[in-house]
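Working notes, beginning with the structure itself.
The values are calculated or read from the model by the stated rules, or taken from the named source; none is laboratory data. These numbers come from a predicted model, not from an experiment. Reconstructed Cβ throughout: ideal geometry from the backbone, glycine too, with neighbour counts over all protein chains shown. When the accessible area is computed, the model is the full protein with side chains, heavy atoms only, and any ligands, DNA or RNA have been set aside. Shrake-Rupley method; radii C 1.70, N 1.55, O 1.52, S 1.80 Å.
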Amino acid sequence: MTHPDPFSADPTTTSRWISDRQRLLRHEAEDALRAEILDYTSRQEEYWQRDYSSVDAYVNSVRANRERWAEAVGVAPRQDRPFEARLEPWFEDDHMQVWWLTVDFLGSLQARALFALPRTVQQPPVVIAQHGIGSSPEKVFGLDDGGDIYKAYGRRLVEEGFAVLAPMNVSGAHPRARLTRLCSLLGRTLWGVEIARTQRLLDYLETRDDVDMSRIGMYGISLGGAYTMFTTPLEPRITCAAVCAWFNHRPNKMAVDDPRYSCFLSVDEEHVWIPGWLREFTDSDLVSLICPRPLFIEHGKADGIAWWPQVLEEYEASAGHYRRLGLDDRIGIELHEGGHEIRMQGTLDFLRRHLH
């Protein structure tokens, strides 16, 4: 059989051959990797051996998974140096006092947050209120929120008798991507740095006598919902959590394009790619590291981050951990008709029940 001489072919034909083979290789690679990601249940027996015989047995049975999650996000080392905390008055009225809190953290990096105390409650419980990717702590308190996404939920929480700590995250996909590259050189992620930032702020609050550190909740929207999902498994001082506009069918969200929701594979958000995330940590698996602590999910059916029937599917998998331990009342969901926004009422009732 005579084979064509590639060196005598027309250059345009050669270019087409190269392009065609590259296209085939890319699509084969994507198809193979996506198939492995979506074949998630086959990995569960290897990585998870949950024991539902008692709460203590359960917590002990997921200890190794919790350690691997900490390794995956690369939590920055805890700081044991003395605090150099600064409080700058920001706002006050008849209901609250609010300060900008700055605490030394990692080298020259400072941990910053808005910190609010209610005037009517002595030693209130604390809620960590986390803002989204294009946002700020000010939005948590109702400023710069023309779309009424946040509903000034930080102010509402203070009026309800909670102290509020609203940490400042790095905002924007491109700034977060740049810092993610630097973190990766140290075996960390930006998530891990900002999780450690929140822990450092909690360490500072423990030096105060005007908050009750035995009752700490965390309530975040969007990127802040991610931080709630990612931090609570690693921070035992958080006793109750609420996730808004983040909870998802994670393999689909990360790897399957679909007109019903946005897929991270096709958008420019480099910071979301955590090595080893979907080896063993879907959202329901991360929930299993929050369990037996109370958890509430808040999600809008019109929110383009997810297709709500898939959210319900993942919620049922999550609730199963609580049900098998006889703790059905410690998990709940508010699935409303709105979009990517705080609705709060169901979450507020849940926080009242578990923190007051």
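Quick look at the values:
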read-out: Condition check for TYR40: in contact with a Pro (Cβ under 6 Å, 6 or more places away or on another chain) and among the aromatic types (Phe, Trp, Tyr); value: yes
read-out: ARG250, sole failed condition from (1) closer than 24 Å to SER61 by Cα; (2) surrounded by fewer than 22 Cβ atoms within 10 Å (Cβ to Cβ); (3) basic (Lys, Arg); value: (2)
read-out: Condition met for ARG81 (at pLDDT below 95 and either part of a strand (DSSP E or B) or of a type in the set (Lys, Arg) (or both)); value: yes
read-out: Residue match in the range 217-228 (condition: within 27 Å of PRO118 (Cβ to Cβ) and open to solvent by 40 Å² or more (accessible area, probe 1.4 Å)); value: no
read-out: Test: GLU280 is open to solvent by less than 10 Å² (accessible area, probe 1.4 Å), touching a Cys at 6+ places or on another chain (Cβ under 6 Å) and touching a residue at least 40 places away in the same chain (Cβ under 8 Å); value: no
read-out: In the range 31-57, the residues that are among the charged types (D, E, K, R), at pLDDT below 95 and surrounded by 11 or more Cβ atoms within 10 Å (Cβ to Cβ); value: GLU36, ARG43
read-out: Sole exception among (1) touching a His at 6+ places or on another chain (Cβ under 8 Å); (2) on the phi > 0 side of the Ramachandran plot for LYS151, by number; value: (1)
read-out: Of residues in the range 1-39 being part of a loop (DSSP other than H, G, I, E, B) and not β-branched (Val, Ile, Thr), the one nearest to the chain's Cα centre (by Cα); value: ASP39
read-out: Matching residues, the range 72-101, being in contact with a Gly (Cβ under 8 Å, 6 or more places away or on another chain) and either more than 25 Å from TYR227 (Cα to Cα) or open to solvent by 40 Å² or more (accessible area, probe 1.4 Å) (or both); value: VAL75
read-out: Test: residue in the range 300-321 that is among the acidic types (Asp, Glu), open to solvent by less than 10 Å² (accessible area, probe 1.4 Å), in contact with a His (Cβ under 9 Å, 6 or more places away or on another chain) and assigned to a loop (DSSP other than H, G, I, E, B); value: yes
